[in-house]
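FYI, it's all coordinate maths here, none of it is from the lab. Quick caveat, the model's predicted, so the values are computed rather than measured. Positions of Cβ are backbone-derived with ideal geometry, glycine not excepted, and every protein chain shown enters the neighbour counts.
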Amino acid sequence: MGSCWSDGGGGMVGVGGTTSSAAGCYASPNDAVDYYLKSRGFNGLFSQIELSFSASDLRDRDVISKSDAVVVVYTKGRDGALAELFRSEVVLNSLNPKWIKKLTLSYQFEAVQTLLFRVYDIDTQFQNSREEMLNLDEQQFLGEAKCALSEVITKSNRTIALELMRKEGAAAAQTRPQSHGKLIIHAEESLASKTTTEIVLRCLNLESKDNFSKSDPFLVISKMVEHGAPVPVSKTEVLKNDPNPIWKPVFLSVQQDTPLVIECLDFNGNGNHSLIGKVQKSLADLEKLHVSGQGINLFLPTGVGHKHEDKALKSQIFVDKFTETVQHTFLEYLASGFELNFMVAIDFTASNGNPRLPDSLHYIDPTGRLNAYQRAIVEVGEVLQFYDSDKRFPAWGFGARPIDIPVSHCFNLNGSSTYCEVDGIQGIMNAYNGALFNVSFAGPTLFGPVINAAATIASESLAQNARRYYVLLIITDGVITDLQETRDALVSASDLPLSILIVGVGGADYKEMEVLDGDKGERLESSSGRVASRDIVQFVALRDIQYGEVSVVEALLAELPSQFLAYMKNRNITPTTSTSSAC
């Protein structure tokens, strides 16, 4: 990870990169550009991870020699479907093989990437066959294991040892599980994820795509991938009515020889942006352009199929700046002991409806189908739990009257008067289910108290020099009535190791809520005139994404590593130094 928006709404960092701007990470200056990128398949930032494999104490299935083992890796979807990712080479005659071949895959913070590993003993008659041609059903199965990729990369040494077990669903031959050995997996972040290139691009003589004004140009930079459409990795801000734009820096983390497509588009508010022109160059080519000081002409593709041609334009693109630096990445901070600590606050105001009735947003469906509150807790919690070693999560409710006390806008979800933590995601769910029938729904909807409670914990942790960063999930159905108090609380919290995720459920008008989210490059200002040091809020209305391709988790968590890195940069905290020397 480690990707970040450039300061003030400029270019977005490419795959796995970090910004060199100390001011932090701001997202797109407008929603239409974001929608455009997501429609092109860009749903988050990621790092390249290389996995190495070894095993110990494998079962010996051969008669006169030891097993000849191969490891096969699959991704496992939420529906249980498997897709094969990788096959190692065959290591001959060994019960403790170390495979040379590595698996390179993209780590995505905002997703739970479940991997299934199966080890097979390859029969002698097939050992001269290429690994990818082997029929695994004809080989002897030695054992399988599974884990989330997050479980590997959050280990201090990025190594995990998994017990090899029987295949899922296989009938047990005996009451005690038989030992099938261990599979050891080690993860390394690729160097390309850490090397960031800062580029300043400008254009001359752009053609106007508008009838009555000049174009509003912005750039989208995509990398070409084998057997697939270009994947967007960065974009610039939109510059209004400018035929000779100079954009703010963009930050890329791609290999020197990776083919890049740079598209110059005319922004349209409806999301249907017009292509002004484009070029295809590698990072090395862009460096040569910078050194030469020369521009290159944009082109427009014309025709289709065999009649496809490129029309050269008078418009040119120049590379005004090209610098490479090695930046600290999100995964480096995790490897040095930093954790993400999950918190949750749930709205119990009366506008949610009677939880005993099916039309309530808090209704507990007897079929087990999750309501919107439960869904947000589970899906966000499933991702974040891997980054919290003790898995004890503060959990609060607000907007209701607990037993024997007045209406509270921050009460402990577990019913305790002394502590707010619960054990694991299931602990949050149990506390939530219990609170539904032990509090009286009331109102109004106030965020200030729960934000201040989370900020107090983050502040105390900072004072103790703990390597912790806190993530508060607020789930609500209503429009907040303490907007200025909430602004003040957020501005104050922007200096703390804290990010806030807000999920809006139901049909309320959330325009005021969107003001809290810094996705348009505007930092919050408090009633005293103080400006937030960084953006710490991400807001998502569930209704806007629940039927789309972007999941709740992707929409909520895509910016979190960027916010984390902005905090670390603001406080000059590096992965190899203690917070006491930096604070």
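Numbers for the structure displayed
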read-out: Links that overshoot a 25 Å alpha carbon limit, given the list Lys98/Lys146; Lys76/Lys155; Lys235/Lys314; Lys76/Lys281; Lys146/Lys235; value: Lys76/Lys281; Lys146/Lys235
read-out: Relative contact order of region 358-516, defined on C-alpha pairs under 8 angstrom at six or more residues apart (%); value: 20 percent
read-out: Cα principal axis extents for region 448-530, largest first, Å; value: 41, 29, 23
read-out: Square roots of five times the Cα gyration tensor eigenvalues for region 106-162, Å; value: 30, 12, 10
read-out: Pairs of Cα atoms farther than 18 Å apart, region 324-400, %; value: 57 percent
read-out: Local electrostatic count, Val291, Cβ distance below 15 Å [Lys/Arg +1, Asp/Glu -1]; value: -1
read-out: Segment Ile100-Gln484, extension gain: residue separation times 0.36 nm, minus the distance between their alpha carbons; value: 132.4 nm
read-out: Sequence-distant lysines (8 or more away, or on other chains) whose Cα lies within less than 21 Å of Lys511; value: Lys520
read-out: Whole-number percent relative contact order across region 236-282, with pairs defined as alpha carbons under 8 Å at least 6 apart; value: 31 percent
read-out: When region 385-486 is reduced to its Cα atoms, the Kirkwood hydrodynamic radius in Å; value: 14.6 Å
read-out: Euclidean distance between Cα centres, region 103-145 to region 467-540, Å; value: 45 Å
read-out: Inter-site label distance for Ser208 and Ser56 at 7 Å from Cα along Cβ, in nm; value: 7.2 nm
read-out: Radius of gyration, Dmax [region 291-434; alpha carbons; angstrom]; value: 26.8, 78
read-out: Neighbourhood charge, 10 Å Cβ-Cβ cut-off, centred on Glu50 and excluding it, Lys, Arg +1 and Asp, Glu -1; value: -1
